[in-house]
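Everything below concerns the one structure shown next.
The values are calculated or read from the model by the stated rules, or taken from the named source; none is laboratory data. Quick caveat, the model's predicted, so the values are computed rather than measured. Here the Cβ is made from the backbone with ideal geometry for all residues, glycine too, and neighbour counts use every protein chain on show. Remember, those area values only see protein heavy atoms, side chains included, never the ligands or the DNA or RNA. Shrake-Rupley method; radii C 1.70, N 1.55, O 1.52, S 1.80 Å.
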Amino acid sequence: MNQLLVALDVDTVAEARALADQLRGAVGGFKIGSRLFTSHGPAFVEELVSHGDRVFLDLKFHDIPNTVGGAVAAATRLGVWMLNVHAAGGRAMMRAARAAADEEAARRSRPAPLVIAVTMLTSLDQQALGDIGLTAPVTEQVERLAALAHAVGLDGVVASPHEIEIIRRRCGSDFTIVTPGIRGPADAQGDQMRTMSATEALAAGASYVVVGRPVIGAGDPRGAAERIAAACS
Ligand code: C5P
């Protein structure tokens, strides 16, 4: 199975569609985040799903359990393959997400989407965590939230390259770990601080890697995706 997910981080459906058309067959799925979703809503998700694409809806839901349950049910109706919530929303919120995905999928006789959790945003360093009253070391906080997501029956977590091993050890081999922050030796780091190559991340235990700019910003996006996918297999 192709473990490369490409982030369609562009502003317009026209750009996203052109990329998806170029990359289809060379990648394992597409990630749609709040940027594209906020401008163009669910129609584009449905369009990709109708092509048979696997869509990871990266909207990081974080609200009271009833509201998150409703949002997860709506995403399940769109036919997404994977979606995420913030683990910091707590046990009851994650349980509501799990239940909504399972119940809505059962109603439609289709497989439930993978429901994964964001542990700590990688943009938060120790000082930023201190600002919001979290004094535990980042890795301890990540491990705690991953273990909670696992305990309530979520399928996995989003994890930075350097958190993979600790989560894999704590949550076992069936837990899905999705890792952004992927860069090859020739790629610009951009705003990603701690990166790994796709091969290194998968060797460390990632289930999927998410790659944005090194593919969508390349002169030949399909060639770039094929090179990364080949290095992963
Ligand atoms: O362009 P780049 O490869 O850095 O894109 C990585 C993608 O993964 C972006 O869509 C970014 O929002 C997302 N992401 C991330 N770090 C996280 C969570 C998500 O880079 N911790």
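Residues in the stretch 112-124 that are surrounded by 13 or more Cβ atoms within 10 Å (Cβ to Cβ), out of contact with any strand residue (DSSP E or B) (no Cβ under 6 Å at 6 or more places or on another chain) and farther than 14 Å from GLY89 by Cβ: ALA112, THR122, LEU124.
Here's the yes/no breakdown for (1) touching a residue at least 12 places away in the same chain (Cβ under 8 Å); (2) of a type in the set (Gly, Ala, Ser):
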position: GLN126; (1), (2): yes, no
position: ALA149; (1), (2): yes, yes
position: VAL158; (1), (2): yes, no
position: PRO161; (1), (2): yes, no
position: ILE164; (1), (2): yes, no
position: ARG170; (1), (2): yes, no
position: SER173; (1), (2): no, yes
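Against the condition in contact with a helix residue (DSSP H, G or I) (Cβ under 9 Å, 6 or more places away or on another chain), open to solvent by less than 60 Å² (accessible area, probe 1.4 Å) and not hydrophobic (A, V, I, L, M, F, W, C), how does ASP63 come out, does it pass? For ASP63, the condition - in contact with a helix residue (DSSP H, G or I) (Cβ under 9 Å, 6 or more places away or on another chain), open to solvent by less than 60 Å² (accessible area, probe 1.4 Å) and not hydrophobic (A, V, I, L, M, F, W, C) - is not met. Just one of the numbered conditions (1) open to solvent by 10 Å² or more (accessible area, probe 1.4 Å); (2) within 16 Å of the ligand (Cβ to nearest atom); (3) within 18 Å of the chain's Cα centre (by Cα) is not true of VAL45: (1). Among the residues making up the stretch 138-165, those that are in a loop (DSSP other than H, G, I, E, B) and not hydrophobic (A, V, I, L, M, F, W, C) are GLY153, ASP155, SER160. Please find, among ALA92, ALA88, ALA101, the residue that is touching a residue at least 24 places away in the same chain (Cβ under 8 Å), touching a strand residue (DSSP E or B) at 6+ places or on another chain (Cβ under 9 Å) and either away from the ligand (no atom under 16 Å from the Cβ) or part of a loop (DSSP other than H, G, I, E, B) (or both). None of the others qualify; the one that does is ALA101. I'm checking my understanding of the structure. Among residues of the stretch 172-186 that are among the hydroxyl-bearing types (Ser, Thr, Tyr) and in a strand (DSSP E or B), which one is surrounded by the most Cβ atoms within 10 Å (Cβ to Cβ)? Per the stated criteria, the residue is THR179.
Residues in the stretch 187-199 that are surrounded by fewer than 17 Cβ atoms within 10 Å (Cβ to Cβ) and either within 13 Å of the ligand (Cβ to nearest atom) or closer than 19 Å to GLY156 by Cα (or both): ALA188, GLN189, GLY190, ASP191, MET193, ARG194.
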